1. Residue by residue through the range 123-145, note down the ones that are crowded, with 18+ Cβ neighbours inside 10 Å and either closer than 28 Å to residue 71 by Cβ or among the small types (Gly, Ala, Ser) (or both).
2. Out of curiosity, is residue 81 over 18 Å from the mean Cα position of the chain (by Cα) and more than 30 Å from residue 194 (Cα to Cα)?
3. State yes or no: is residue 246 β-branched (Val, Ile, Thr) and loosely packed, with under 12 Cβ neighbours inside 10 Å?
4. Within the range 75-117, how many residues are outside any helix (DSSP H, G or I) and either without any contact (Cβ under 8 Å) to a residue 60 or more places away in the chain or of a type in the set (A, V, I, L, M) (or both)?
5. Taking only pairs six or more apart or across chains, which ones have beta-carbon atoms under 9 Å, a first residue in the range 26-50 that is closer than 19 Å to residue 96 by Cα, and a second residue that is among the basic types (Lys, Arg) and exposed (fewer than 15 other Cβ atoms within 10 Å of the Cβ)?
6. So which of 166, 133, 151 is modelled with pLDDT of 95 or more and under 23 Å from residue 229 (Cβ atoms)?
7. Filter the range 39-69 for residues that are of a type in the set (S, T, N, Q) and more than 16 Å from residue 11 (Cβ to Cβ); which is farthest from the chain's Cα centre (by Cα)?
Amino acid sequence: MDYFQDIALFPHLSCEDNILFGISSQENHKKNERLQYLSDILGINEIKNKFPHEISGGQQQRVAIARALAPQPEILLLDEPFSALDEELKDQLIKDLRKLLKKEKITSIIITHNIKESFQISDKVAYLSSKRILQYDTPYDLYHRPSSREIANFCGIGSFLKGVVIDSNHIETSLGVLFGNTSPFSKNDLVDVMVRPDDIIHDDDSTQSAKVVEKFFHGSDFLYKLELNDGQNVLCFTPSHHDHSINEMIGIKAELDHLILFNR
């Protein structure tokens, strides 16, 4: 098993020598093949002969990861490997690293407090709290089928609406009757329904309306905080050309693929 926590490159060695450090006992042609292979995938060919202080933080991170991968470990432990990078560099490195780990068939345990990072790179995610694993699932199921409010909130923004179970497939809410599996709840149970921003669709033809109370411009879209008729709030993503004013009433409809329910 190899372990990577921070960059910690040897400052007196070139990037090439840093990468080769863990395989220095191998034959030269094998070392060179491994160096070239990792350099191609991680995009560091142009900096191999430079020293760590001569390259950027993102490049240093790539060199450090190449050094950790050079011995071809069966298991690689990565502790916050992307924490020092800006979003653009981080996204590209995550793509490159995932591709490399898959190609090398290396099992990797990645520690991160950033849910986006874990969703981007992982096949499975273990959510830990107070030294206990609360849920171990695919990124999709962790987001769409969280086992607790804590996990639901950590996995992404959303709102909790009050609901009453009608039967095994229907719940009454201020957004109307929502359809989905209500198990393990029973008729007349009081529940909270988690509604994500992508569950609320802006629809001018809808009979359901809500008031814009806050708006946040994200470039390609707006995030609106909307107030329903009973005073409860939901969040809604819309394309950026749907530019509405504060206090404006807009038509909305709920399109939930499934229900995320918790005891009220």
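1. The answer is 125, and nothing else.
2. No, not satisfied.
3. yes
4. Total satisfying the criteria: 19.
5. Here the result reads 41/99; 41/103, each pair linking the range 26-50 to a residue that is among the basic types (Lys, Arg) and exposed (fewer than 15 other Cβ atoms within 10 Å of the Cβ).
6. Every option except 166 fails the conditions.
7. That would be 45.
Table: residues versus (1) farther than 18 Å from residue 120 by Cα; (2) not polar (S, T, N, Q).
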position	(1), (2)
17	yes, yes
21	yes, yes
26	yes, no
39	yes, no
48	yes, yes
54	yes, yes
78	no, yes
86	no, yes
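The values are calculated or read from the model by the stated rules, or taken from the named source; none is laboratory data. No experiment lies behind these values; they were computed from the predicted model shown. Don't worry about glycine lacking a Cβ; one is built from the backbone with ideal geometry, like all the others, and counts go over all protein chains shown.
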